[in-house]
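Enquirer: One structure is given below, represented as structure tokens, and several questions about it will come after.
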Ligand SMILES: [Ca+2]
Ligand SMILES: [Ca+2]
Ligand SMILES: [Ca+2]
């Protein structure tokens, strides 16, 4: 006795082979899932309104610059374009210590296409700069023999006395050699409608409510709604069959919900630039 009869019926190595097959299959599936979810960074918080420019911002989970930009595009924007000191300060104040975590922040700045020629991934002109010149940034090197083609805002305490918080540094796209994990900041300009044929189209944000309006270009009269109130899905949306120009109508899109995150400072519905045919 003492012998397990079931064990005796097994072929030698059979159970191990099954186990190995299952583990390899499982590992393969895990790898597939990991590949699928690693394409985009996640969303840590947002959207948050910057009252100074009417743009909305998201803080992403720590990820590569490329995966962070992929999420930014899916949200209808890009990694943030810093246009001036005020926007740099607002981004730092809002996100660099979010949740009491010290965070270096990816911005939409890269020289991946042409070494040393930095530009905004949004396509906006590169005018304002805030490089950490004390350490010679952008230097394309952390001394590790790798390229540094992606810009980030340095955290308050980088551990390097010549690399100061709120200034910019260039880093490899995985953030290697940056002292802390790097988090993407997304900027979305929610109200940039266009006229396409007889349609007015714009990029919507999830959960935001919009109303398209028109009036004659030279009228002091009221705005008229056309089309229904739209609840954003994150996709582009078009209101069809705009009123025809006789002689000329103008159009705009307004936010309908004042309960938007961070929107309490708005005293009246936010509206888009006027569109003219
Ligand atoms: Ca900006
Ligand atoms: Ca570079
Ligand atoms: Ca650098």
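Enquirer: Tell me, which strands (runs of 3 or more DSSP E) lie completely within the range 129-203 with 1 or more residues that are under 20 Å from residue 88 (Cβ atoms) and more than 16 Å from ligand 2 (Cβ to nearest atom)?
Expert: Because the criterion is at least 1 residues that are under 20 Å from residue 88 (Cβ atoms) and more than 16 Å from ligand 2 (Cβ to nearest atom), the strands (runs of 3 or more DSSP E) in the range 129-203 that meet it are 150-153, 183-188.
Enquirer: Moving on to the next point. Out of the residues in the range 108-118 that are within 16 Å of ligand 3 (Cβ to nearest atom) and part of a strand (DSSP E or B), which is nearest to residue 154 (Cα to Cα)?
Expert: Only one residue fits best here, namely 109.
Enquirer: Considering the range 101-128 alone, what residues qualify as being closer than 17 Å to residue 179 by Cβ and free of Cβ contacts under 8 Å to residues at least 40 places away in the same chain?
Expert: Result: 101, single match.
Enquirer: Pick from the range 99-118 the residues that are surrounded by fewer than 17 Cβ atoms within 10 Å (Cβ to Cβ) and under 21 Å from residue 187 (Cβ atoms): which of them is farthest from ligand 2 (Cβ to nearest atom)?
Expert: 99
Enquirer: I want to confirm something. Restricting to the range 73-85 and keeping residues that are within 15 Å of ligand 1 (Cβ to nearest atom) and over 21 Å from residue 148 (Cα atoms), which single residue is surrounded by the fewest Cβ atoms within 10 Å (Cβ to Cβ)? Can you show your working first?
Expert: The first filter runs over the range 73-85 and keeps only residues within 15 Å of ligand 1 (Cβ to nearest atom), leaving 75-85.
Still in the running and over 21 Å from residue 148 (Cα atoms): 75-77, 83-85.
Values: 75: 22, 76: 22, 77: 25, 83: 16, 84: 13, 85: 11.
Looking at residues that are within 15 Å of ligand 1 (Cβ to nearest atom) and over 21 Å from residue 148 (Cα atoms), I get 85.
Enquirer: Show me the helices (runs of 4 or more DSSP H) found entirely inside the range 1-107 where at least 2 residues are modelled with pLDDT of 80 or more.
Expert: Fully inside the range 1-107 and qualifying: 65-74, 85-95.
Enquirer: Inside the range 161-190, can you point out the residues that are away from ligand 3 (no atom under 16 Å from the Cβ) and crowded, with 22+ Cβ neighbours inside 10 Å?
Expert: 183, 184, 185, 186, 187, 190
Enquirer: Considering only residues that are without any contact (Cβ under 8 Å) to a residue 40 or more places away in the chain and surrounded by fewer than 17 Cβ atoms within 10 Å (Cβ to Cβ), which ones fall in the range 143-160? Show your work before the answer.
Expert: So the first thing to find is which residues in the range 143-160 are without any contact (Cβ under 8 Å) to a residue 40 or more places away in the chain, and the list is 143-149, 159-160.
The answer is 143, 144, 145, 146, 147, 159, 160.
Enquirer: Test residue 125 against the criterion of being in the same structural domain as residue 58 (by TED's automatic domain parsing), surrounded by fewer than 20 Cβ atoms within 10 Å (Cβ to Cβ) and in a loop (DSSP other than H, G, I, E, B), and give yes or no.
Expert: Answer is yes for this residue.
Enquirer: Something else about it: If you take the residues of the range 128-156 that are more than 9 Å from ligand 3 (Cβ to nearest atom) and at pLDDT below 95, which of them is farthest from residue 96 (Cα to Cα)?
Expert: By that ranking, first place goes to 145.
The values are calculated or read from the model by the stated rules, or taken from the named source; none is laboratory data. Just so it is clear, the structure is predicted and the values come from calculations on it, not from any experiment. Note: ideal-geometry Cβ built from the backbone for every residue, glycine included; neighbour counts use all protein chains shown.
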